[in-house]
1. Test of understanding: among Ala237, Ala244, Ala215, which residue is farther than 22 Å from Val312 by Cα, assigned by TED's automatic domain parsing to the domain that holds Trp328 and modelled with pLDDT under 95?
2. Taking the range 74-96, which residues are touching a residue at least 24 places away in the same chain (Cβ under 8 Å) and in a helix (DSSP H, G or I)?
3. Given the options Leu148, Leu131, Leu135, name the one that is assigned to a strand (DSSP E or B), within 16 Å of the ligand (Cβ to nearest atom) and touching a residue at least 40 places away in the same chain (Cβ under 8 Å).
4. Given the conditions (1) more than 16 Å from the ligand (Cβ to nearest atom); (2) surrounded by fewer than 20 Cβ atoms within 10 Å (Cβ to Cβ), report the number of the one that Gly252 does not fulfil.
5. Just one of Phe164, Phe149 is under 15 Å from Ala243 (Cα atoms), assigned by TED's automatic domain parsing to the domain that holds Arg340 and touching a strand residue (DSSP E or B) at 6+ places or on another chain (Cβ under 7 Å); which is it?
6. Just one of (1) away from the ligand (no atom under 13 Å from the Cβ); (2) farther than 23 Å from Leu337 by Cα trips up Ala242, so point out which.
7. So which residues in the range 298-351 are surrounded by 19 or more Cβ atoms within 10 Å (Cβ to Cβ), more than 24 Å from Leu182 (Cα to Cα) and either aliphatic (A, V, I, L, M) or within 15 Å of the ligand (Cβ to nearest atom) (or both), if there are any at all?
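The values are calculated or read from the model by the stated rules, or taken from the named source; none is laboratory data. In this text, all values refer to a predicted model and were calculated from it rather than measured experimentally. In this analysis, Cβ positions are derived from the backbone assuming ideal geometry, glycine residues included, and neighbour counts consider all displayed protein chains.
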Amino acid sequence: MSALPPAIAAAFAAQAGFCRQFAAPFTGAMVAAAAAAVDDSSAMGRRLIAWPGDPHADALMMRVTGAFHALVRAGRAPALAPLYPPAPCPEPAVLVAAIRAVLADPESDAFLAAWLDSPPQTNEVARSGVLMPGLMVIADACRLPLRLFELGASAGLNLCLDRFGYRLGGVAAGDPASPVQLAPGWRGPPPPVADVVIASRAGIDISPLDVRNAATRERLLAFVWPDQPERLARAEAAIALAAADPPPLYGGDAADLVDAMVPLPGSVGVVFHSIAFQYFPPATQARIAARLAAFGAQASAQAPLAWLRYEVDDASVAALPTLRLTLWRGGALDERLLARAHPHGSFVQWL
Ligand SMILES: C[S@@+](CC[C@H](N)C(=O)[O-])C[C@H]1O[C@@H](n2cnc3c(N)ncnc32)[C@H](O)[C@@H]1O
């Protein structure tokens, strides 16, 4: 019996099932065990029992699993740490007992309760494996260096995408010596072989994350599910790469960066975003589209404009996100549906 109110307990149960379905059995077990373990004897339990918002909309369950993962990563949860992957998934009762032991420590409990304050924020590096072939299409079509403008860039990890190495449907791209190597499962024809030369880069996010800050880095990593060690290793390597040479990242509304763009003959202006557009307010979405259309009307073969978007454009559960490109080069508008891809970039269906 959970001490959580029925609606919150139901949200935890649904999230646990979702995690199991998406190959994260340990994270699913943590969600279920946390729901069973909490009561009003801990600060975390009291906050969860009295949670005022919608648990799904607030990503409450991911706040909880992120909080425990952060504590384990910090070496501050000795009762729980030995149960984390790569250990085999523990029995539910063992996990519940370990969570209760952690919550019984006032310092750990205070840490966990405070972690619930902010929503999860992630930056999925494997999405570069979907965006990079899109840049190869632009480079192939325009034969010019690219100026990158990323909207909803989070920590800016995907703004460093030319510093990663790739195998894309048999085509090698990027830096073969990079500590970040991406080889998404590939269906369909390969992308064009093209040299992607980046002339400049800039990103914007309403809540930009500075990976030079150790606490920010830990927060980003804690939200990666501990069942997915390869994803964790990739994020750690990309964070180290970005921290050594951070891309310019601004705080603000996505449309502000598009407003600030100016055409520069001899290069392509590339506005791109991944799994971010749905989070922009409708006024921002409209401003971006209107500004790009106006800007695109002035584009030419010497100063082209590209809009590359890897986004959920069909809300139905079974639909995959799409990779779409609009290219303005003077003359007729060039609109292409390039691919469908897994939301985290693990496979690409190139069209
Ligand atoms: C799901 S994350 C995706 C981050 C990154 N593009 C990726 O693929 O990993 C969505 C991002 O959009 C940002 N965001 C939400 N509303 C925004 C806005 N109005 N302007 C700029 N960024 C925004 C969030 O802060 C968050 O970093």
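1. On the way: Ala237 fails: modelled with pLDDT under 95; Ala244 fails: modelled with pLDDT under 95.
That would be Ala215, the only listed residue that is farther than 22 Å from Val312 by Cα, assigned by TED's automatic domain parsing to the domain that holds Trp328 and modelled with pLDDT under 95.
2. The first filter runs over the range 74-96 and keeps only residues touching a residue at least 24 places away in the same chain (Cβ under 8 Å), leaving 74, 76-77, 84-86, 89-90, 92, 95-96.
Selection gives Pro92, Leu95, Val96.
3. Details: Leu131 fails: assigned to a strand (DSSP E or B); Leu135 fails: assigned to a strand (DSSP E or B).
Checking each option against the conditions leaves just Leu148.
4. Just one mismatch for Gly252, condition (1).
5. Numbers: Phe149 fails: under 15 Å from Ala243 (Cα atoms).
Phe164 is the lone residue from the list that is under 15 Å from Ala243 (Cα atoms), assigned by TED's automatic domain parsing to the domain that holds Arg340 and touching a strand residue (DSSP E or B) at 6+ places or on another chain (Cβ under 7 Å).
6. Just one mismatch for Ala242, condition (1).
7. Ala299, Ala303, Leu305, Leu327
Residues are listed down the side, and each one gets a yes or a no for (1) surrounded by fewer than 21 Cβ atoms within 10 Å (Cβ to Cβ); (2) assigned to a helix (DSSP H, G or I); (3) among the polar types (S, T, N, Q):
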residue	(1), (2), (3)
Pro190	yes, no, no
Pro208	yes, no, no
Thr216	yes, yes, yes
Arg234	no, yes, no
Ala240	yes, yes, no
Pro246	yes, no, no
